[in-house]
1. Please work out the average accessible area per residue across region 145-231, using the 1.4 Å probe convention, and give it in Å².
2. When the Cα centres of region 174-232 and region 315-360 are compared, how far apart do they sit, in Å?
3. For region 145-281, take N as its residue count and report Rg(C-alpha) divided by 2.2 N^0.38 Å.
4. Counting DSSP beta bridges in region 238-374, what percent are antiparallel, to the nearest 5?
5. Return the sequence-ordered ³J(HN,Hα) values of region 236-244 in whole Hz as given by the Karplus equation 6.51 cos²θ - 1.76 cosθ + 1.60 applied to θ = phi - 60°, using x for Gly and Pro.
6. Against the 2.2 N^0.38 Å scaling, with N counting residues, where does region 263-365 land? I'd like the Cα-based Rg ratio to two decimal places.
7. How are the C-alpha pair distances of region 210-334 spread across 10 Å bins, as whole percents from the shortest bin up?
8. Peptides 147-157, 281-291: what's the order by average Cβ count within 10 Å, highest mean first?
Amino acid sequence: MLAFEIAVICLSSLVLGAGLIGIGVATQWHLRKAKPYPMAAPRQAAVAAPRQPEPAGESLAGPKPQVEPAAPAVREPAAQAPPRASIRLGLGLRKTRENFLSRLRTALTRSARADDIYEGLEEALIAADVGVDASLRLTSAVRTKLGAVNDPDRIRGALKDEIGAILEAAEQPPGPPTAGPFVILMVGVNGAGKTTTVAKLAARFKLERGSVIVAAADTFRAAAIEQLEVWCTRAGAQIIKHKQGSDPAAVAFDAVKAAVARKADVVLIDTAGRIQTKTNLMEELKKIARVIDREIPGAPHEAWLVLDATTGQNALSQAKLFGEAVKITGIVLAKLDSTAKGGIVISIAQQLKLPVRYVGLGEGIEDLRPFDSREFVDALFSDAEEGDSGSGRTAAA
């Protein structure tokens, strides 16, 4: 009986020991199987490490170095792109030149009689929108100079000289103030291109003179302020604005006051386009001028009338009536490239005795050119091929 109990105890011990051994083996197996998971963590961290800012050396394979080199590639072309050259006056006068020269050739070659030649010359000038008064004066001056001469080349040369003399007689340089900002009041009828002209002037003056402030005093036309703001952003000019419907004189006052405080070089005041026959609108211009003068004595130093060259002789009546409201000191002729009536430049100089300050020769912000009378006359009398040479561009329609 004792031996049996001993055998049972031994057997139980063996079974229990075997069970313990089996449990130990199973535990070790599970532990070894679980070890690869914590070992994999460093490999995942190595991939995620480039997103952390601290470890600079671990970012070699990460996404950050791929993003950083791309950023300058976006900025550099805009900074390094050269400004586009503005349209040459010869190209801008293409339509006017072709119209004028074709009529002039016909007038100079259709007859050998001097009377017929000068009659045709007068008709050619009127058709080019030089105006009746200016055409009669030019024809008379050429005939007085040459007498009965019927040589086409000499008549053409004398006409060129007379036109140049009229334009040069009207020239007068703008008078910038001795100190403080140079204030220019911009006026004109609706649709003349005044707002875009203001922006083009702002871009030019910023390059030539320094800081520019633009007063958005056209508070009447819907979206005029927003349009001017977009243009000023392109030109790099500051803008002073109020909400639509505000007093334009208050906007002009704030603009000149800001210009004094900020020591700006130029102030351009964009006013609402107005019909020149509306008395109340013209009185508004007078008010703007008075308010500006109170803040900066003698300002505005210039008042430029923006004329649409395509309107032809109607531009003269605009200039006369605007001149009754403010003292017009110069003309900016917009859309000269879009018309065959460029002879209006001669009519303005002859009748109004006003200088043309700038001419618009395209829609780009660079396409506003200072007017040069000699260059204009040379371009007007040049053959089309000669006037178009040296430029690969075409004038904007």
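The values are calculated or read from the model by the stated rules, or taken from the named source; none is laboratory data. Fair warning: this is a prediction, and the values are worked out from it, not measured in the lab. So basically every Cβ, Gly included, is an ideal-geometry build from the backbone, and we count neighbours across all protein chains shown. Surface accessibility is based on the protein's heavy atoms, side chains included, excluding ligands, DNA and RNA. Shrake-Rupley method; radii C 1.70, N 1.55, O 1.52, S 1.80 Å.
1. Numbers: 3700 Å² over 87 residues.
I get 43 Å² per residue for region 145-231.
2. 18
3. Taking the Cα Rg and dividing by 2.2 N^0.38 Å, one obtains 1.42.
4. Values: 3 of 11 bridges.
Beta bridges within region 238-374, antiparallel portion: roughly 25 percent.
5. Listing the rounded values in order: x, 9, 7, 10, 10, 9, 10, 6, 4 Hz.
6. Values: Rg = 14.4 Å, N = 103, 2.2 N^0.38 = 12.8 Å.
This ratio for region 263-365 stands at 1.12.
7. In order of increasing distance, the bins hold 13, 43, 37, 7, 0 percent.
8. Numbers: 147-157: 13.6, 281-291: 17.1.
Highest-to-lowest ranking by the protection proxy: 281-291, 147-157.
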